[in-house]
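The structure appears right after this line, and notes come after that.
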Amino acid sequence: MTIKMVKNRRRSGDVSAALPFGRERAERVRMYHESFENYRTTGLMRLSGLAEQLGISALYVKDESSRFGLNAFKGLGGSYCIGRFIGERCGIPEEELSFPVLVSDRVKNEIQGLTFVTATDGNHGRGIAWTAKQLGVKAVVYMPKGSAAERLENIRALGAKAEITEYNYDDTVRFAAACEKEKGWVLVQDTAWEGYETIPAWIMQGYTTMALEAVEQLSGELPTHIFLQAGVGAMSGALSALFADYYKERKPKIVIVEPDRADSIYRTAEADDGMIRMVGGDLDTIMAGLACGEPCTLGWEMLRRYADYFVSMPDYVAAQGMRVLGNPVSGDPRVISGESGASTAGLVTELLRNDAYRSLREEMGLGPKAKVLCVSTEGDTDRENYRRIVWDGAYPHP
């Protein structure tokens, strides 16, 4: 079990392709999110004590555990894509979209019986279920085999119909897509393929709100490195594009992180032949939110242009991140981060604490002057597993 890294040899300095997810678009998306009563900017935690121990200048963690009361960031994409879909159906201009408009009597009458369907490991489905409940529509959620019962019940508690299938994540996506055709439902998935790109693009745009918040919370301080986790690559692709457009020639180095048992994006970058690589099988990793074997085409296009490094890493690294964030250095805030959420912080700590990876950190310039930004995309969305890892020491350093 080892960490592997490949440099992106095709990175582009042209930010024109980033504009659908750029600063201007993100500001418009955030205005939409601000129209929801329980919208709050999530915290950007400065871990000064940990940064000092690791020998870098600064370490920031964007903590998404308080987003919309969902314990994860996914409600951003779900709320925006469903809002855009309803807006298109009802003839509401994008600039007029808001929560009060979407729950108005006029709109309610036009969307009666509307049902959205999705596949999820938990967080995305919970965001879709929450949005459906907020806007008065129906949601059906399918989950891959091995999904945590707690995540299933969290979705059902929001009024959605939900069940765990016998398929892996990517086959569950295909099952949900088949239901759309058979039942007349609307598929809301954050992975794109030929002929299915509009809704995934809306979801990706929804994610940019948290990146815009982060850069503003930094108050002009320029990070040197940004670490982003990738499942299908929708979130990391959208955020990479936003950072490219926002910072332009000052763009920090962007490092994309995946579990080694579901590292399709890493393999695609490593092959560097223009062909998408896929990973099949059970995708058996503790990083459930990243257990995706087929990249989002839109996400990969942004990553191909704007990411700097791609990393494939074993599960123990994410487990280490959970323990480090949950047991902070004196004076640092505590961050409760789940298996996928802590993956990036876990990688940073392992690269800087383990001399076996000296060459990797030197190649990416992760030294005393580094200012690092990570995103903790979720809290303890599977509390039983969180305790097993943090309390009982599951997945220790090999």
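Observations
- Pairing residues of region 89-116 that are in the same structural domain as LEU135 (by TED's automatic domain parsing) with residues that are aromatic (Phe, Trp, Tyr), at Cβ distances under 7 Å and at least 6 apart in sequence or on separate chains, gives LEU97/TYR32; SER98/TYR32; PHE99/PHE36; THR115/TRP185; PHE116/TRP185.
- Restricting attention to region 335-373, the residues that are in contact with a strand residue (DSSP E or B) (Cβ under 9 Å, 6 or more places away or on another chain) and assigned to a loop (DSSP other than H, G, I, E, B) total 12.
- Taking residues in region 62-87 that are within 11 Å of GLN205 (Cβ to Cβ), and partners anywhere that are modelled with pLDDT under 95 and not aromatic (Phe, Trp, Tyr), the pairs with Cβ atoms closer than 8 Å and at least 6 places apart or on different chains are GLY77/ASP190; ARG84/GLU94.
- Helices (runs of 4 or more DSSP H) enclosed by region 124-233 - at least 3 residues per element that are assigned by TED's automatic domain parsing to the domain that holds ILE256, touching a helix residue (DSSP H, G or I) at 6+ places or on another chain (Cβ under 7 Å) and within 25 Å of VAL29 (Cα to Cα): 198-217
- Residue selected from region 143-196 under the condition within 22 Å of ASP263 (Cα to Cα) and charged (D, E, K, R), by the criterion surrounded by the fewest Cβ atoms within 10 Å (Cβ to Cβ): GLU194
- Within region 22-43, residues that are more than 10 Å from THR209 (Cα to Cα) sit with their Cβ atoms under 8 Å from residues that are surrounded by fewer than 17 Cβ atoms within 10 Å (Cβ to Cβ) and of a type in the set (Gly, Ala, Ser), at 6+ positions apart or across chains, in these pairs: ASN38/GLY69; ARG40/SER66; THR42/SER66; GLY43/SER66.
- Total residues in region 26-81, condition hydroxyl-bearing (Ser, Thr, Tyr) and in the same structural domain as THR120 (by TED's automatic domain parsing): 2
- Candidate set: region 204-233, residues that are of a type in the set (Asp, Glu) and touching a residue at least 60 places away in the same chain (Cβ under 8 Å); chosen: the one surrounded by the fewest Cβ atoms within 10 Å (Cβ to Cβ): GLU221
- Filter pass, PRO328 being assigned to a loop (DSSP other than H, G, I, E, B), in contact with a Gly (Cβ under 6 Å, 6 or more places away or on another chain) and either surrounded by fewer than 23 Cβ atoms within 10 Å (Cβ to Cβ) or in contact (Cβ under 8 Å) with a residue 40 or more places away in the chain (or both): no
- The strands (runs of 3 or more DSSP E) located wholly in region 1-110 include none with 3 or more residues which are buried (at least 20 other Cβ atoms within 10 Å of the Cβ), of a type in the set (Lys, Arg) and within 20 Å of the chain's Cα centre (by Cα).
- Considering each residue of region 271-287 in turn, none proves to be in contact (Cβ under 8 Å) with a residue 40 or more places away in the chain and assigned to a helix (DSSP H, G or I).
- Flag for ARG304 being among the basic types (Lys, Arg) and assigned to a helix (DSSP H, G or I): yes
The values are calculated or read from the model by the stated rules, or taken from the named source; none is laboratory data. Since the model is a prediction, treat every value here as computed from it, not as a measurement. Using ideal geometry, Cβ is built from the backbone for each residue, glycine included, and neighbour counts are taken over all protein chains shown.
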